[in-house]
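The structure appears below as structure tokens.
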Amino acid sequence: MSSSGSDGPPRDLPLRGWPEVGLEGVRRLPFQARLNKVSVDDFGRPAAPGDGGGAWSRWLDRLPKLLAADNLRLLVARLREARRDGRVILWLIGGHVVKTGLAPYLVDLMDRGYLTAVAMNGSASIHDVEAALFGRTSEDVARNLEDGSFGMVAETGDFFFGAYRQAIADGCGMGEGVARQLERAAAPHREASLLHGAWRRGIPCTVHVALGTDIIHQQPGADGAAIGELTLRDFRILAEVTRRLEPVGVVVNLGSAVVMPEVFLKAYTVARNLGCRPRQLTTANLDMLQHYRPRENVLQRPTALGGAAIPLTGHHEIMVPLLHALLLDADDADAAAPAAPGEGRS
């Protein structure tokens, strides 16, 4: 019983009204005034068909049949099986992956059928957009933090705020809205953009934001309602992609230690709730360290009832080109193999 004698909530709830910082006086700076550590000229250049000549496949075959070498073989095999059977291959992306120049490899994997949906955190979307717009990204945080200029580039914030407003009006999600804005802006380096590349190819591309984690959230003009609505739309899109992992699919978490593993687990819960029952889900975590959440939320929990969990530890800028080369070389070997008796060439 409440003190008022009814079963309802108390009527006199104190409203504290704690003060909020005002962002109107925040000083922003032009992009050209910021020192950036990464240029699109530094981005990787994926191998072309025929570059390996079977060398990568032979190298993989000759690795020890143990531990991480077997994990690498298994991931290559499962990606090839999923591509062959037209299954969902979902990649979850963290910001470090984009700023280490790996978008060209992932875009090429889209064209080869090894990436059918991509989901990323807010950091990845910011690096992706800055690379597409300016050809540079990754500011010197330590240098800019001291004078309060870290994350205060005006053009970056204004681009996203405009993209979000337009996405709300268009009724699309955050990833598609940002990609469409890059197209509208004729971003000069949009061929290096993962979001734009996916959108142009009709591949679901979603962005999953935790409020307060990204540099644009500290700028005046950040609209929490718009950010929340758009990233929630993208969560529902991701949940639909996850629902299509039945009966067999592949999920690769690449460089996200917290946000994407948490988001994926909730999307997977929705999929299970709606009747999705993957029998042989393959999940992989590629990162410099095997953190708790990727291990539990990507590798162990979703595959507990069947499937394969593949941890691979290494630097992204080495692991992704290596995986790309192995897949491309295997495709080359398939193309060069003589047709079986009675079979024609497609």
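The values are calculated or read from the model by the stated rules, or taken from the named source; none is laboratory data. Just so you know, these numbers come straight off a predicted model, no measurement behind them. Cβ: placed from backbone, ideal geometry, glycine included. Neighbour counts: every protein chain shown.
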Restricted to segment 88-125 and to residues being of a type in the set (Ser, Thr, Tyr) and in a loop (DSSP other than H, G, I, E, B), the residue nearest to SER39 (Cα to Cα) is THR100
Failed item in (1) farther than 27 Å from ILE237 by Cα; (2) modelled with pLDDT of 95 or more, with SER149 passing the rest | (2)
Please verify whether segment 126-146 includes one or more residues that are assigned to a helix (DSSP H, G or I), small (Gly, Ala, Ser) and farther than 18 Å from VAL207 by Cβ.
-> yes
Residue that is surrounded by the most Cβ atoms within 10 Å (Cβ to Cβ), among those in segment 114-132 that are among the hydroxyl-bearing types (Ser, Thr, Tyr) and under 16 Å from ASP234 (Cα atoms) | SER125
Conditions (1) of a type outside the set (Asp, Glu); (2) loosely packed, with under 10 Cβ neighbours inside 10 Å; (3) touching a residue at least 12 places away in the same chain (Cβ under 8 Å) -> GLY53 fails only (2)
Test result for ALA103, buried (at least 24 other Cβ atoms within 10 Å of the Cβ), touching a residue at least 24 places away in the same chain (Cβ under 8 Å) and either under 17 Å from THR213 (Cα atoms) or of a type in the set (S, T, N, Q) (or both) | no
Filter result (at positive phi and buried (at least 22 other Cβ atoms within 10 Å of the Cβ)) within segment 231-277 | GLY255
Result of the Cβ filter at 8 Å on segment 267-279, keeping first residues that are at pLDDT 90 or above and partners that are of a type in the set (Phe, Trp, Tyr), at least 6 apart or interchain, is ALA267/PHE235
Out of all the residues in segment 89-114, which are over 16 Å from PHE43 (Cα atoms) and basic (Lys, Arg)?
-> ARG112
Check off (1) among the polar types (S, T, N, Q); (2) more than 17 Å from the chain's Cα centre (by Cα); (3) closer than 17 Å to HIS127 by Cα; (4) surrounded by fewer than 22 Cβ atoms within 10 Å (Cβ to Cβ) for GLN166 and give me the number that stays unchecked.
-> (3)
The condition of being touching a His at 6+ places or on another chain (Cβ under 6 Å) and part of a helix (DSSP H, G or I) holds, among VAL320, VAL270, VAL263, only for VAL263
